[in-house]
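Visitor: Please find one structure pasted underneath; my questions will follow.
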Amino acid sequence: MIALIASFASVMTTIGYVALALLVLLVMITIHELGHYTFGKIFGFKIDEFAIGFGKAIFKRTMKSGEVFSIRIIPLGGYCAFAGEDEDDADPNAFNNKAPWKRLIVLFGGVLFNFLSAIVFAFILLVGFGYDVPKVASVNNQFQDPAILQTNDIIREIDDVKIDFIPGNTANNLLNNHYANMTAEEKANCNVVVIDDKEYKQYNDLVLTVERDGELQEIVANFYVYTEVGEDGKPKESLYVGFSTTPYQHTFIEAITRCVPVAAGFAWQVLVFLWQLLTGGIGIAEIGGPFTTISTIAEYSQMNIANLFVFLPFIAANLAVFNLLPIPSLDGSRMVFTTIEWIRGKPISRKVEGYIHFVGLIILFALVIFVDLYHLFI
């Protein structure tokens, strides 16, 4: 009976995190559509409906302006429907009757709002939880001299390289690079120490730039290499520094100055990912549709709620970049067609453009369904 109750509680907890992940995704998409809506209102576009979700409406209200606001049953999207967006309309305020530059701004509004939200979420992440800059949480005196490295030291640089996730200079990467760049002679020149019945190679040349009591200072710390036999029967080296870290929570001013670069960094990581996908650097197993995204957010949020706040700016930046791609049915493609119309002085056939967006949407949905099924069954 106790096991049954525990199992039920676990299931309900998981459902709760899945619901939280759904809400996160829905908020992100709503922010995107709100960008279109806001600039549409600024430039006087006629808006038929602003919907949160897809499918059958569970709530619908018609405003005095004639706009319909609705909440729909499937919480996996949303839309801002402009009059005359996909066909000709005699109303001068219909989407395609507005000047191309106004349409471009309206189309770009969703991307802009996603990126602005990424900045806000990055600020919350840096102030509330921290991210890539490590702070020393504890020091193992058997491995490090507590007079040299102290609790609450903020590690800013390793080997004179600033810790920053954007170019890949995370603390772990810099530590691994430090050891990988050592010559065979330098690796052989070490002390062998036994701590807790384990034999370590000790090196004394790890240069750390730490912030202590508001001042930067350079220290030289130890690091260790422990060799053990891996599952494949081959020796495996593990690096150990003898201290634990926690993400440094930025001050308000620090977060203000860094939230934009961090949001831009997440956007850059998305671009790098897309480039690797196009060039074959990564396979289809690395991508996922909305269900994969929801399950990933739920899984990592359940491990640690701080993980959720890492996902927020990343997903917002992801949506901003993805919607700029010139893929039919996405904002980037519509911006391409609008730009061509602006240059030519006349649009490409609305019917042809509509077919292109429709086919693109079908292909996009098919791809999303395929990658989700791939993760589910393979």
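Visitor: Please tell me the relative contact order of segment 68-154 in percent, rounded to the nearest whole number, where contacts are Cα pairs under 8 Å and at least six residues apart. Intermediate results must be reported in sequence, preceding the final value.
Guide: Numbers: 41 pairs, mean separation 12.0, N = 87.
Here the relative contact order equals 14 percent.
Visitor: If you don't mind, there's one more thing I want to ask. Which far-off residues, 5 or more places away or on another chain, put their amide H under 5 Å from the one on PHE82, with H placed in the peptide plane?
Guide: Amide H to amide H, under 5 Å and 5 or more residues apart or across chains, PHE82 pairs with ASP48.
Visitor: Fewest to most neighbouring Cβ within 10 Å: what's the order for TYR226, TYR131?
Guide: On the way: TYR226 14, TYR131 21.
By the 10 Å Cβ count, ascending, the order reads TYR226, TYR131.
Visitor: Give me a comma-separated list of calculated 3J(HN,Hα) values for segment 254-271, in order, Karplus coefficients 6.51, -1.76, 1.60 applied at θ = phi - 60°, integers in Hz, x for any Gly or Pro.
Guide: Each residue's phi maps through the Karplus curve to give 4, 5, 4, 6, 10, 5, 5, x, 5, 4, 5, x, 4, 4, 5, 4, 5, 5 Hz.
Visitor: Taking R0 as 51 Å, what's the FRET efficiency between GLU228 and ALA264 from their Cβ-Cβ distance, rounded to 0.05? Don't jump to the answer; show the numbers that get you there.
Guide: On the way: r = 40 Å, r/R0 = 0.79.
For R0 = 51 Å, the calculated efficiency reads 0.80.
Visitor: Using only C-alpha positions, report the orientation-averaged shadow area of the convex hull of segment 44-112, nm², one decimal. Don't skip to the end; give the middle numbers.
Guide: Numbers: hull surface 21.0 nm².
Mean projected area for segment 44-112: 5.3 nm², to one decimal.
Visitor: Just subtract the alpha-carbon distance of GLN217 and TYR179 from 0.36 nm times their residue separation and send over the number in nm, one decimal. Walk me through the intermediate numbers first.
Guide: Working: separation 38, 0.36 × 38 = 13.68 nm, distance 2.23 nm.
Residue separation times 0.36 nm, minus the Cα-Cα distance, leaves 11.5 nm.
Visitor: By per-residue mean of other Cβ atoms within 10 Å, what is the highest-first order of 250-260, 71-81, 21-31?
Guide: Working: 250-260: 14.9, 71-81: 17.5, 21-31: 19.1.
In descending order of packing, they fall as 21-31, 71-81, 250-260.
Visitor: Tabulate in residue order the Karplus-calculated ³J(HN,Hα) for segment 314-329, using 6.51 cos²θ - 1.76 cosθ + 1.60 with θ = phi - 60°, rounded to whole Hz; enter x for Gly and Pro.
Guide: In residue order, the calculated couplings are 5, 5, 4, 5, 4, 5, 4, 5, 4, 6, 7, 5, x, 9, x, 5 Hz.
Visitor: Moving on. With r defined as the distance between the Cβ atoms of ILE256 and ILE71 and R0 fixed at 25 Å, what FRET efficiency is calculated, to the nearest 0.05?
Guide: Values: r = 35 Å, r/R0 = 1.38.
According to the calculation, E is roughly 0.15.
Visitor: Once phi is turned into ³J(HN,Hα) by the Karplus curve 6.51 cos²θ - 1.76 cosθ + 1.60 with θ = phi - 60°, what whole-Hz value does each residue of segment 234-242 show in order, with x for glycine and proline?
Guide: Using θ = phi - 60°, the values come out as 9, x, 10, 9, 10, 8, 9, 9, x Hz.
Visitor: Hey, can you grab everything whose amide H is under 5 Å from the amide H of ILE158? Only 5+ residues off in sequence or another chain; H modelled, so Pro and N-termini drop out.
Guide: Distant-sequence amide H within range of ILE158: ILE163, THR209.
Visitor: Cα atoms only, segment 125-231: Rg and Dmax in Å?
Guide: Final numbers for Rg and Dmax: 15.0, 45 Å.
Visitor: Given contacts defined as C-alpha pairs under 8 Å and at least six residues apart, what's the relative contact order of segment 179-267, whole-number percent? Before the final figure, lay out the partial values.
Guide: Details: 88 pairs, mean separation 14.1, N = 89.
Over segment 179-267, the number comes to 16 percent.
Visitor: In terms of modelled amide H atoms, which long-range or inter-chain residues lie less than 5 Å from the amide H of ASP153?
Guide: Correct list: VAL136.
Visitor: Taking square-rooted eigenvalues a ≥ b ≥ c of the alpha carbon gyration tensor, is segment 326-365 rounded, prolate or oblate, where a/c under 1.5 means rounded and, failing that, a/b exceeding b/c means prolate? Can you show the working numbers first?
Guide: On the way: a/c = 4.48, a/b = 1.76, b/c = 2.55.
Cα axes put segment 326-365 in the oblate bin.
Visitor: Report the calculated FRET efficiency for SER244 and LEU271 (r = Cβ-Cβ distance, R0 = 35 Å), to the nearest 0.05.
Guide: Working: r = 33 Å, r/R0 = 0.95.
So, using R0 = 35 Å, E works out to roughly 0.60.
Taken together, the values in this text are just the output of simple stated rules run on the coordinates, not laboratory data. If you're wondering where the values come from, they're calculated on a predicted model, not measured in any experiment. Here Cβ is always computed from backbone atoms with ideal geometry, including for glycine, and neighbour counts include all displayed protein chains.
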